[in-house]
Amino acid sequence: MAKQAETGLAMICCRHAVLLKGINMHQGEIFPYPLYLHWKVAQKQNFAFICQDVACKYFPWLQRLLQRIPADDPLQVTATQKPFLSVMHGKAHSWHCQVRPPVPL
């Protein structure tokens with residue numbers, strides 16, 4: 001009975017809204033759920049960008065995680081994608097998530 005009440009679903013899809021992978025969440029919104037989806041899709045698909053509603057917090061967490069694991073670990077495949085936050089989510093986030101970093105000259 002412990003796994004009968006899920007917190008929700010997490011899904012990943014392409015820009016054409018085709019579902020690629022989905023999972024049941026049992027512990028709330030924690031970073032291992034988007035990490036699992038990111039990793040599973042990155043193993044099979046070649047993509048450069050990933051749009052997430054938690055990109056501003058997930059990718060710094062992911063970078064710290066990747067620094068602690070060996071370079072030949074299969075999880076390192078997630079290091080090549082670049083994050084971005086959708087306009088809808090960006091407007092709802094705090095100001096430091098909306099500010100662009102300065103463009104180098």
Requested in this report: With a/c under 1.5 counting as rounded, go ahead and sort region 1-71 into rounded, prolate or oblate using the C-alpha gyration tensor (a ≥ b ≥ c being the square roots of the eigenvalues; past the cut-off, prolate if a/b is larger than b/c, else oblate).
Outcome: oblate
Report summary line: Most packed first (mean Cβ within 10 Å per residue), the peptides 80-87, 69-76, 54-61 order as 54-61, 80-87, 69-76
Report summary line: Here the gain from full extension of residue 61 to residue 29, 0.36 nm per residue of separation minus their alpha-carbon distance, amounts to 10.1 nm
Requested in this report: Using amide H atoms built 1.01 Å from N in the peptide plane, name the residues 5+ places from residue 21, or on other chains, whose amide H lies under 5 Å from its own.
Outcome: 12
Query - Solvent-accessible heavy-atom area per residue, rounded to whole Å², over region 6-56 at 1.4 Å - result: 67
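The values are calculated or read from the model by the stated rules, or taken from the named source; none is laboratory data. Computed from a predicted structure; not experimentally measured. Here Cβ is always computed from backbone atoms with ideal geometry, including for glycine, and neighbour counts include all displayed protein chains. Calculation scope for accessible area: heavy atoms of the full protein, side chains included, ligands and nucleic acids excluded. Shrake-Rupley method; radii C 1.70, N 1.55, O 1.52, S 1.80 Å.
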